Amino acid sequence: MDSKKTGLFLRELRKEKGFTQEQLAEQFHVSNRTVSRWETGSNMPDLSVLVELAEFYDVDIKEIID
């Protein structure tokens, strides 16, 4: 899994949904800094959060991690 590529994809999904990092952070009960780390690939969401993100964005979890 390429964390930078995954991060860029998460950022694209967020922007398509029209959310800011702060709004997404509130939705998932994390800090906006955490969302930023996900999107830069410096940190990855836990598996349970990945599942929630996939449901939120209406994509298969495989799309996020591939």
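The values are calculated or read from the model by the stated rules, or taken from the named source; none is laboratory data. The structure presented is a predicted model; accordingly, all values stated were derived computationally and were not measured. Here Cβ is always computed from backbone atoms with ideal geometry, including for glycine, and neighbour counts include all displayed protein chains. Remember, those area values only see protein heavy atoms, side chains included, never the ligands or the DNA or RNA. Shrake-Rupley method; radii C 1.70, N 1.55, O 1.52, S 1.80 Å.
Which residue is surrounded by the fewest Cβ atoms within 10 Å (Cβ to Cβ), if the candidates are limited to region 44-54 and must be free of Cβ contacts under 8 Å to residues at least 40 places away in the same chain and within 11 Å of the chain's Cα centre (by Cα)? So, considering only residues that are free of Cβ contacts under 8 Å to residues at least 40 places away in the same chain and within 11 Å of the chain's Cα centre (by Cα), the one surrounded by the fewest Cβ atoms within 10 Å (Cβ to Cβ) is ASP46. Close contacts from region 19-41, counting a first residue that is under 18 Å from THR6 (Cα atoms) and touching a residue at least 40 places away in the same chain (Cβ under 8 Å) and a second that is open to solvent by less than 90 Å² (accessible area, probe 1.4 Å) and part of a helix (DSSP H, G or I), with Cβ to Cβ under 8 Å and a gap of 6+ residues or different chains, come to none at all. Of the helices (runs of 4 or more DSSP H) lying entirely inside the chain, those containing at least 1 residues that are touching an Asp or Glu at 6+ places or on another chain (Cβ under 8 Å) span 3-17, 21-28, 32-40, 47-57. What number goes with the only condition from (1) closer than 11 Å to ILE64 by Cα; (2) in contact with a Ser or Thr (Cβ under 6 Å, 6 or more places away or on another chain); (3) of a type outside the set (S, T, N, Q) that GLY41 does not pass? Condition (1) is where GLY41 drops out.
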